[in-house]
Amino acid sequence: MQMDIDSQSKLSNLTNKHLDYIIVGQGLAGSVLSFLLEQQGYSILVIDKGHQHAASNAAAGLINPITGRYYTKSWKIEELIDSARMIYGEIEQHLGCKLWYDIDIYRALHSIEQVNDWALRSLNPDYKDFAADAPNDHVYRGVVNDSEGTALIKGGARVDIGLFIEQYRSYLIESELLLETGFDYSQLTLSTDTVNYGAVSADHLIFSEGYQMLNNPYFNYLPLAPAKGESLHIKIKDVEIPHNVMKHQQYLVPIGNEQFWSGGGFAWKYQDSAPTKAFIEKYVKDLGQFINHPISIVEHRAGVRPCVKDRKPLIGTHPEHPRLHIFNGLGTKGTSLAPFFAKQFVEYLTGNGDLLPVVDITRFS
Ligand SMILES: Cc1cc2nc3c(=O)[nH]c(=O)nc-3n(C[C@H](O)[C@H](O)[C@H](O)COP(=O)(O)OP(=O)(O)OC[C@H]3O[C@@H](n4cnc5c(N)ncnc54)[C@H](O)[C@@H]3O)c2cc1C
């Protein structure tokens with residue numbers, strides 16, 4: 001990718017500037033990471049091309065502590081939630097906007113077997129903070145079609161990822177810390193103790209390109225398995241629901257202004273990253289069977305999740321270039337994974353800690 005003239009001139013304005021970190025990508029991963037680096041006093045430059053179908057633009061920002069068919073706790077969920085609550089709280093203060101919402105999730109149970117499995121789960125002391133029976137008068141009664149029963153998942157959260165990325169981008173622009181362009185790999189030169197990108201030099205360069213890591217000549221050997229998803233912002237007429245989430249085959253997530261986020265879908269093969277007519281046709285039909293009220297569509301988005309074959313993040317240092325790093329592979333759970341692992345990564349980069357071996361890219365060397 002060649003740089004445009006405007007970016008080229010912005011880059012040359014930075015001549016003779018030596019930075020601590022250059023971060024490529026301002027999705028959820030790059031935003032949380034660069035925020036933490038700057039908070040710790042490091043000088044940064046973020047480079048992002050504003051890809052419309054980045055996963056972060058389509059995400060609901062949910063942190064769901066209990067997932068899957070067997071109602072199991074998400075990996076490291078207690079630690080991840082604590083870290084997420086703290087770091088998004090710091091970001092809220094820094095940007096002056098509300099991002100974090102504590103939520104309960106109502107999950108439909110479709111058979112007696114599921115009702116029984118959930119009853120057992122909610123009796124398990126290890127799950128006491130997260131699993132309970134839903135009250136009969138819960139907020140979704142009458143809004144959605146009845147199922148065999150409803151599970152109540154407590155202790156979840158929703159983070160307004162869209163607002164975070166937008167507000168943080170404005171902050172970076174005002175502070176002249178963002179180069180709005182595609183990264184041109186041909187302008188990168190490496191030595192043992194520095195990286196040079198055009199006229200800028202830095203101690204380290206970190207790639208957080210989401211699924212577009214596939215185009216990165218330094219890291220595309222890693223086993224990314226991108227999964228496209230699509231989402232809708234819908235209006236349900238005459239229904240007002242606070243911050244609870246309903247999960248059936250689809251999610252219904254209140255996002256304010258009488259609107260709900262709804263979506264999902266996992267396409268491992270897809271033509272491009274744009275929203276499709278096929279998704280909307282099928283999804284709206286399915287929603288019609290689930291929701292008892294008329295709906296209207298406000299917006300349709302799509303994004304590609306940077307999933308990894310072993311479902312763990314891709315973090316660490318290039319095996320041959322000690323100044324090149326990656327913070328990626330957040331898959332389906334970026335909202336909870338980004339803060340905990342960005343903090344751990346900063347500790348690792350600054351010589352104050354280690355990476356968990358299961359997330360370290362040396363597992364693929
Ligand atoms: C429909 C859908 C729903 C989801 N719901 C949830 C949810 O509820 N909860 C949850 O935790 N996760 C959810 N996810 C997953 C979540 O979105 C991802 O884990 C997360 O957003 C990944 O962030 P990222 O920064 O790694 O990648 P991205 O969001 O893709 O960001 C990558 C950034 O890098 C930039 N970039 C890429 N290449 C270059 C380049 N060469 N030069 C310059 N810039 C570049 C792009 O412009 C982009 O801004 C969902 C995903 C989808 C698609």
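The values are calculated or read from the model by the stated rules, or taken from the named source; none is laboratory data. Quick caveat, the model's predicted, so the values are computed rather than measured. Here Cβ is always computed from backbone atoms with ideal geometry, including for glycine, and neighbour counts include all displayed protein chains.
The table below gives the values:
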quantity	calculated
Residues located in segment 293-309, provided they are over 30 Å from Ile77 (Cα atoms), exposed (fewer than 13 other Cβ atoms within 10 Å of the Cβ) and more than 15 Å from the ligand (Cβ to nearest atom)	His293, Pro294, Ser296
Test result for Lys98, touching a residue at least 24 places away in the same chain (Cβ under 8 Å), out of contact with any Pro (no Cβ under 9 Å at 6 or more places or on another chain) and either more than 12 Å from the ligand (Cβ to nearest atom) or closer than 19 Å to Val159 by Cα (or both)	yes
Which listed residue, of Phe327, Phe364, Phe279, is within 19 Å of the chain's Cα centre (by Cα) and surrounded by 14 or more Cβ atoms within 10 Å (Cβ to Cβ)	Phe327
Unmet requirement for Lys312, which otherwise passes all of (1) away from the ligand (no atom under 11 Å from the Cβ); (2) surrounded by 13 or more Cβ atoms within 10 Å (Cβ to Cβ); (3) of a type in the set (Lys, Arg); (4) not in a loop (DSSP other than H, G, I, E, B)	(4)
Lone unmet requirement of (1) away from the ligand (no atom under 13 Å from the Cβ); (2) touching a residue at least 60 places away in the same chain (Cβ under 8 Å); (3) not basic (Lys, Arg) for Asp286	(2)
Residue, modelled with the lowest pLDDT, within segment 45-103, restricted to residues that are part of a strand (DSSP E or B) and of a type in the set (Ser, Thr, Tyr)	Thr67
Options Gly316, Gly334, Gly329, Gly353: the member that is modelled with pLDDT of 95 or more and under 26 Å from Ala108 (Cβ atoms)	Gly334
Test: residue in segment 204-211 that is more than 11 Å from the ligand (Cβ to nearest atom), of a type outside the set (A, V, I, L, M, F, W, C) and either surrounded by 14 or more Cβ atoms within 10 Å (Cβ to Cβ) or at pLDDT below 90 (or both)	yes
Leading residue by the ranking (surrounded by the most Cβ atoms within 10 Å (Cβ to Cβ)) among those in segment 213-264 that are more than 16 Å from the ligand (Cβ to nearest atom) and among the hydrophobic types (A, V, I, L, M, F, W, C)	Ile236
Breaking point among (1) more than 17 Å from the chain's Cα centre (by Cα); (2) at pLDDT 95 or above; (3) under 30 Å from Lys128 (Cβ atoms); (4) more than 16 Å from the ligand (Cβ to nearest atom), for Glu38	(3)
